[in-house]
Amino acid sequence: MLDPVIAALFFIVGMFDMSANYCGQPGGCLAYDDAQSRLGVSAGQVIFDDVNIDQEAYLRYELGQMRGPFQPYLGLSATMDGAVWAGVGSTWTHQFDRVYVQLALGAGLYVPNGGVDLGHTVEFRSEAEIGYQFDNGVRMGLMVDHRSNAGLGDINPGLETVQVRVTVPLGRKVAR
C-alpha cells in the first residue's frame with residue numbers, strides 16, 4: 001500500500017520547488033501565472049488489499065493557470081462496479097526534456113455504489129505519474145494513486161489504482 005508516501009512527496013517536492021524557484025518573484029510564492037490547460041483520460045486496475053478487484057476510468061482537467069509551481073485540476077473517476085470519485089486538487093510537474101514526472105493531491109467526494117466501502121464520503125487522492133511528452137504536447141504516462149479518508153472515518157482501508165494516462169493540451173500553447 002502506498003499510504004501517505006505520494007502525498008508526502010507532493011508536499012516536500014512542491015514546497016522545495018516553490019521556495020527555490022517562486023518565492024523571490026513578484027507576487028510571492030503562489031503568484032498567479034498562465035499555464036497550458038490539459039485534459040487527461042486514463043484507465044486501469046483498482047487494487048484493494050493487494051488484489052486486483054475492478055477497473056476504473058478517470059477523467060482529469062488541468063486548469064489553464066498556475067499558483068507558484070502548482071496547477072489546479074478537476075477530476076472524475078468511475079469503476080465498473082459503479083464507485084465514483086469527484087474532486088479538486090493540484091498537480092506539480094517537472095519536465096526533463098521529453099520525460100516528465102507529475103505528482104498530484106486532491107480531495108473529493110466518494111460514492112461506493114456497490115464498490116469498495118472506503119469508510120467516508122470524503123476521500124483524498126494522491127497520484128504519481130511518469131511519462132513521455134511528444135512534440136505536439138500530448139503526454140502518455142503510467143500513473144499510480146492512493147485513496148483514503150486520512151482517518152476521517154471509523155475505518156480507512158484505502159485503495160490504489162495503476163493506470164495508463166493520455167493527456168492532451170487544450171487551447172493555445174502557453175510558453176513556460
Here is a list: I130, I155. Which entry is farther than 20 Å from G64 by Cα, among the aliphatic types (A, V, I, L, M) and either at pLDDT below 95 or not in a strand (DSSP E or B) (or both)? I155
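Scanning region 86-127 for residues that are β-branched (V, I, T) and either in contact with a helix residue (DSSP H, G or I) (Cβ under 7 Å, 6 or more places away or on another chain) or not in a strand (DSSP E or B) (or both), which turns out modelled with the highest pLDDT? Quick ask: steps written out before the conclusion?
First pass over region 86-127, keeping only residues β-branched (V, I, T): 88, 91, 93, 99, 101, 111, 116, 121-122.
Narrowing further to those that are either in contact with a helix residue (DSSP H, G or I) (Cβ under 7 Å, 6 or more places away or on another chain) or not in a strand (DSSP E or B) (or both): 116, 121.
Values: V116: 90, T121: 96.
Step by step, filter region 86-127, then rank; the result is T121.
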All but one of (1) at negative phi; (2) more than 13 Å from the chain's Cα centre (by Cα) hold for Y73, so report the exception by its number. (2)
Go through region 133-152 and report how many residues are in a strand (DSSP E or B), more than 16 Å from the chain's Cα centre (by Cα) and surrounded by fewer than 18 Cβ atoms within 10 Å (Cβ to Cβ). 0
Consider only pairs whose beta carbons are under 8 Å apart and that are at least six residues apart or on different chains; among these, list those whose first residue lies in region 14-43 and is more than 30 Å from M140 (Cβ to Cβ) and small (G, A, S) and whose second residue is in a helix (DSSP H, G or I) and at pLDDT 90 or above. none
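Residue by residue, here is whether (1) over 24 Å from F16 (Cα atoms); (2) touching a strand residue (DSSP E or B) at 6+ places or on another chain (Cβ under 6 Å); (3) of a type in the set (V, I, T) holds:
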residue: T93; (1), (2), (3): no, yes, yes
residue: D97; (1), (2), (3): no, no, no
residue: E127; (1), (2), (3): no, yes, no
residue: L152; (1), (2), (3): yes, yes, no
residue: T161; (1), (2), (3): yes, yes, yes
Picking from D3, D33, the residue that is farther than 17 Å from A107 by Cα and either in a strand (DSSP E or B) or at pLDDT below 95 (or both) would be D33
Flagged in region 64-83 as farther than 14 Å from D145 by Cα and surrounded by fewer than 16 Cβ atoms within 10 Å (Cβ to Cβ), in numbering order, are Q65, L74, M80, D81, G82
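The values are calculated or read from the model by the stated rules, or taken from the named source; none is laboratory data. A quick note: this is a predicted structure, and the numbers were derived from the prediction, not measured. Backbone-built Cβ (ideal geometry, glycine too); neighbour counts: all protein chains shown.
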